[in-house]
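Derivation of every value follows stated rules applied to the coordinates shown; laboratory data play no part. In this text, all values refer to a predicted model and were calculated from it rather than measured experimentally. As a convention, Cβ positions derive from the backbone with ideal geometry for all residues, glycine included, and neighbour counts pool all protein chains shown.
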Amino acid sequence: QVQLKESGPGLVQPSQTLSLTCTVAGFSLTSYNVHWVRQPPGKGLEWMGVIWNTGGTRYNSALKSRLSISKDTSKSQVFLKMNSLQTEDTATYYCARDSGVMDAWGQGASVTVSS
Amino acid sequence: IQMTQSPSLLSASVGDRVTLSCKAGQNINNYLAWYQQKLGEAPKLLIYNANSLQTGIPSRFSGSGSGTDYTLTISSLQPEDVATYFCQQYNSWTWTFGGGTKLELK
């Protein structure tokens with residue numbers, strides 16, 4: 001059964017770094033790409049970036065200077081790090097498997113940026 | 001690539017045929033997906049490659065279109081279809097979503 005689950009701090013202070021983990025089950029990170037997508041409260045979906053099965057990455061140009069995605073294949077985990085957080089980064093953060101399209105999503109991790 | 005959905009809000013009755021639209025800023029070669037997001041839940045894939053139904057999705061959902069213009073149709077609206085629907089293009093090596101259509105019961 002394919003599963004993805006995001007984890008991380010629910011609260012981050014402004015200017016600090018957000019670190020999230022996506023733990024997957026039911027498939028291998030050597031065979032599938034994984035995306036990060038976020039959604040501010042009451043708003044739409046924003047693609048953040050992807051890590052390919054090969055380990056390469058591609059980022060949304062609007063976030064590229066602040067964002068890093070990596071993975072530990074042996075632990076079935078994908079990591080997101082984003083620095084210089086501001087209040088507008090408050091959102092639910094999702095990871096999603098890519099089988100050519102985002103066919104499976106995690107439940108989401110709610111992150112609030114506030115002092 | 002910018003994706004524009006219309007309408008932003010749609011009210012319909014149970015049993016109605018419902019049509020949601022999505023327009024791309026350029027030809028996306030049918031690399032178009034539709035997602036359903038119910039309140040408090042993650043998005044769920046409904047349609048991929050513009051017209052292919054994801055496994056397990058009811059056949060009342062269908063997708064069509066080509067080039068820059070795409071449509072999601074629900075043939076007979078059910079109460080459980082109340083949700084926000086997003087289109088997404090994956091033609092270029094960046095992924096973009098439309099702003100969403102919120103579907104409610106009249």
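For this structure, a couple of remarks:
- Of A:64, A:43, A:75, the residue with the greatest mean-square motion in the GNM of chain A, using alpha carbon springs below 10 Å, is A:43.
- Taking every residue in B:35-46 and counting other chain Cβ atoms within 10 Å of its Cβ, the average works out to 4.
- Label zone (residue A:62, point 7 Å along Cα-to-C-beta; backbone nitrogen cut-off 19 Å) within region A:78-92: A:81-92.
- Across region A:35-105, Cα pairs under 8 Å and at least six residues apart give a relative contact order of 33 percent.
- Distance in nm between pseudo-label sites at residue A:72 and residue B:80 (7 Å out along the Cβ direction from Cα): 3.9 nm
- Antiparallel DSSP beta bridges within the protein assembly as shown, percent to nearest 5: 90 percent
- Among residues other than residue A:38 with Cβ under 12 Å from its Cβ, the summed charge is -3 (Lys and Arg +1, Asp and Glu -1).
- Counted by Cβ distance under 15 Å from residue B:22, the other residues give a net charge of +1, where Lys and Arg count +1 and Asp and Glu count -1.
- Within the listed set A:104, A:62, A:91, the Gaussian network model of chain A (springs between alpha-carbon atoms below 10 Å) gives the highest mean-square fluctuation for A:62.
- Fewest-first sequence of B:96, A:87 by Cβ atoms within 10 Å of each Cβ: A:87, B:96
- Per-residue shielding of B:96-102, expressed as the average number of other chain Cβ atoms within 10 Å of the residue Cβ, stands at 3.
- Environment charge of residue B:77, counting only residues whose C-beta is closer than 12 Å and scoring Lys/Arg +1, Asp/Glu -1: -1
- Counting Cβ atoms of other protein chains within 10 Å of each residue's Cβ and taking the mean over peptide B:89-95 gives 4.
- For the protein assembly as shown, Cys with no neighbouring Cys Cβ under 4.7 Å: none
- Computed over chain A with a Gaussian network model linking Cα atoms closer than 10 Å, the most mobile of A:74, A:19, A:28 is A:74.
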